[in-house]
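This report refers to the structure that appears directly beneath it.
The values are calculated or read from the model by the stated rules, or taken from the named source; none is laboratory data. Values in this document were obtained by computation on a predicted structure and should not be read as measured data. No Cβ is skipped: glycine too gets one built from the backbone with ideal geometry, and neighbour counts run over all protein chains shown.
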């Protein structure tokens, strides 16, 4: 059994989705957006890749679940 990959991300990677733009086409699955802003980590339901925000990263309102501000 292989261990899931842990990917460190920062603000430029938000909004976060898996597979990322760096994922080879042969290793792809349907794109899913992951909300990493609440806990600082997320796990892809397709491939099990784990994503963690780098320490000190400020998401600045990149939550895909937040309502637009008017």
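If you go through segment 49-57 one residue at a time, do you hit one that is modelled with pLDDT under 95, surrounded by 11 or more Cβ atoms within 10 Å (Cβ to Cβ) and touching a helix residue (DSSP H, G or I) at 6+ places or on another chain (Cβ under 8 Å)?
Looking through segment 49-57, at least one residue is modelled with pLDDT under 95, surrounded by 11 or more Cβ atoms within 10 Å (Cβ to Cβ) and touching a helix residue (DSSP H, G or I) at 6+ places or on another chain (Cβ under 8 Å).
Looking at 36, 64, which one is modelled with pLDDT of 90 or more, closer than 12 Å to residue 14 by Cα and touching a strand residue (DSSP E or B) at 6+ places or on another chain (Cβ under 9 Å)?
Exactly one residue qualifies, and that residue is 36.
Sort through 23, 37 and tell me the only one that's without any contact (Cβ under 8 Å) to a residue 12 or more places away in the chain and surrounded by 12 or more Cβ atoms within 10 Å (Cβ to Cβ).
Matching residue, one of 23, 37: 23.
Within segment 22-37, can you find the residues that are within 18 Å of residue 53 (Cβ to Cβ) and not in a strand (DSSP E or B)?
22, 35, 36, 37
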